[in-house]
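Quick note: the coordinates plus some simple rules give every number you see, no bench work behind them. Not measured: the values here are computed from a predicted model. Because the Cβ atoms are built from the backbone with ideal geometry, glycine has one as well, and the counts that use them run over all protein chains shown.
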Amino acid sequence: MISVILALIIFIIGIYGVLISKDIIKSLISFNIMQAALIMVYMDFSSLNKNQVPIYAEEMKKMADPLPQAMMLTSIVISASITALVLMMSIKVFHYFGTLEWKKIIEREEL
Amino acid sequence: MIYLIFIPIITAIFIYLIKNEKAIKYSIIINFIEILMILYLLKNVIENGSIKMIVGNYSEIVGISMELDLIGSILLLTTAFLWIIATLYSFEKHGKDYKFYFFLHFLRGTFYGLILSNDLFNMFIFIEIISLISAVLIIYKRDAYSLRAGVYYLLFNSIGMIFYLLGIVIIYINTGTMNIEGLMSVNLNGTMKMGIALVIASAGVKSAFFPVYNWLPKAHTAAPSTISALLSGILVKTGFIILIKIARYIDYNIYFEFLTIVGVTTAILGFVFAMSQKDVKSILAFHTVSQSGIILIGLAGVKTLQLGGFLHLINHALFKSLLFLTVGLIISKYNIRRVDKIRGVFKKLPVISVFVIIGMLSITGFPFTSGFVSKMIIKNYYHDNNLMAFIMQILNLGTMISFMKMSQIFFGTTHNKEIKESFKENISIIILGVITLVMGIFEMYTLSNYFDIGVYVGLKDFVVYGLYLIISYGFYTNFLKKEAKIFYKIRHTHLNFRNANVLLLTFVVLTIIFI
């Protein structure tokens, strides 16, 4: 239970970050924080009541659900690739605009 | 069925490895093979009902389940067809760039995957791959404007999809499976409703519903014309596909009213914004928002209403990509994008302008065109409800007014002598335009013969259309030509990323409260 509360706190921090952050990198970091909180939620309920990891054990009483763990591996990969792509694009954005702040980027309308 | 996902992806990898111009040209054969496969599947589906399979022969609870029903196979067919058109169209412009075709083929494979998969988490994976690849394609021009739009698109959509993940974990705790059919077995209590609300909210982000539409016009105007056509034709429909898939297993009454209201606001605001734009492409982009609203009004319901929404989804895919492709050609010839600077298209480019007019007639609902049929089904459903009938008429009028503004590009004269059209470039547009034109009559025939839904055209429809034309011309000359102050203000309102996220969070909270 305590880890769910912890995940909730981290998730709220992430949302807060997304709402207040002024530039691309900070938004990206907040996005990653939200993702981390979600991974915690998934991990937590898959091993409620101190269930064991289903790898190898002498005596297995209660098995943790392996499905969410497999899912989270995939979603970690996805969020890593999104992070990589956004970082790459933000380098280019900095190259063009000289800044990474959302406000200044949006204001410079060339069309 | 599963080969359909892997064939385009393997083709894409081959193109990337071979790096040959001829290989790119011949890769279109693969598209035709896919169309044949889809037609075979469609025949099977019509004869024997939906096809189900589970990858790797696991049990239904843990395995990745796939399902193809009639709706899915029609979507597959539209996707495959539009991709052929887009590939043909882009040969002239990007014919030598193997990287462009690598992403184009890959994207098609993942989109087939999304349509086929019947598993909530698997859908998440495909949606994320789609946003990643389309972000790469949006920034294809690598200028400042497109990079900004790409970053905005990718980050905003990823944050939207986090709510999807949160939603499906709630559903998973309640049902114990990621299979969508698991939704059927549980009763909808508070937490379960919250999960579904989160899933619907993230579908709203992907399909640009009202408060969270902001990424769409940016991305569409920045992308190359081929990609904007595919974006607004196919990829914007991602959210609707989620909605169609979950609507089969849950009671639609829980979201019907909320989504109808969201749909109406999206549709009205879409054309108000479209009226005030000056960039040709952003007029079309805001129209995508407006039409998504109409599709949503349809898909919020069931049976006839849902059928109308689904038909409008398919029709919108056809005519909006036709408009984007033709306008893309005009822009590349004139090298300007301002709607008040392009003049004399009809004299210089007669074939292209005929097809632009076909697209405009369809989107404004001229009798016998496809847009008319699908809008008519939605209208007929609401014939007792005065308010909704009135709103549908307003939507029609608004669409017409903003296209009246765009149709000014046909008139006048231009002094640029280099503008000429060639058959080679036009061939893809001609195929798509003819199909769009025939589609309306085909739909009327199929509906009356197989679904017992009659859509009839009377003299009244022509008269109403004519009257609307006159009203919208009056509106155009009085307000839009001189540019009333309010339109200037609307055009210059920009939402930065923070404000967009505030709206996103508001939308999510509203969805949770009202569902």
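The table below lists the values:
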quantity	calculated
Check: the protein assembly as shown dipole with +1 on Lys, Arg Cβ and -1 on Asp, Glu Cβ, in debye	2340 debye
Average beta-carbon neighbours from other chains, 10 Å sphere, peptide A:80-88	4
³J(HN,Hα) computed for each position of the range B:25-36 - Karplus, 6.51 cos²θ - 1.76 cosθ + 1.60, integer Hz, glycine/proline x	5, 6, 5, 5, 4, 4, 4, 5, 4, 4, 4, 4
For chain B, calculated [θ]222 nm from helices alone, where every DSSP H run of n ≥ 4 adds -39500 (n - 2.57)	-24500 deg cm²/dmol
Label-point gap, in nm, between A:ALA36 and B:LEU503 - each point 7 angstrom along Cα→Cβ	3.0 nm
Within the range B:259-294, backbone nitrogen closer than 11 Å to the virtual label 7 Å beyond the Cα of B:ILE336 toward Cβ	none
Distance between the range B:183-232 and the range B:49-86 - C-alpha centres, whole angstrom	20 Å
Nitroxide proxy distance, nm - points 7 Å out along Cα→Cβ at B:TYR473 and B:ALA23	5.6 nm
From phi via Karplus (6.51, -1.76, 1.60), per-residue ³J(HN,Hα) for the range B:259-273 in Hz, x at Gly/Pro	5, 5, 5, 4, x, 5, 5, 4, 5, 5, 5, x, 7, 5, 5
For the range B:75-198: relative contact order, % (alpha-carbon pairs under 8 angstrom, 6 or more apart)	20 percent
Chain B - percent relative contact order, Cα under 8 Å, separation 6 or more	14 percent
Shape metrics for the range B:352-429, restricted to C-alpha atoms - Rg then Dmax, Å	17.0, 55
Note, ³J(HN,Hα) from phi for the range B:282-290, Karplus 6.51, -1.76, 1.60, rounded to Hz, x at Gly and Pro	6, 4, 5, 5, 5, 5, 4, 4, 4
Extreme residue, positive dipole direction of the range B:255-481, given options B:ILE336, B:PHE310, B:VAL289 (C-beta unit charges)	B:ILE336
17 Å Cα-Cα reach of B:LYS347 towards lysines, excluding residues that sit fewer than 8 places from it in its own chain	B:LYS333, B:LYS417, B:LYS420
Simple label model, 7 Å out from Cα along Cβ direction - B:THR493 to A:LEU73, nm	4.8 nm
Cα gyration tensor category, rounded, prolate or oblate, for the range B:469-511 with a/c compared to 1.5	oblate
Loop chymotrypsin sites (Phe, Trp or Tyr not before Pro), the range B:398-470, which have at most 13 other Cβ atoms in a 10 Å radius of their Cβ (DSSP)	B:PHE411, B:TYR456
The range B:255-481: relative contact order in percent, alpha carbon pairs under 8 Å with at least 6 residues between	23 percent
Global form of chain B, assessed from the alpha-carbon gyration tensor, a/c cut-off 1.5	rounded
Cβ-Cβ FRET estimate between B:PHE256 and B:SER422, R0 fixed at 41 Å, reported to 0.05	0.25
Charge dipole (chain B, unit charges on Cβ, about Cα centre) - positive-most of B:ILE29, B:THR493, B:VAL199	B:THR493
Sequence-distant lysines (8 or more away, or on other chains) whose Cα lies within less than 17 Å of B:LYS19	B:LYS93, B:LYS96, B:LYS99
Among beta bridges that DSSP assigns inside the protein assembly as shown, antiparallel share in %, nearest 5	90 percent
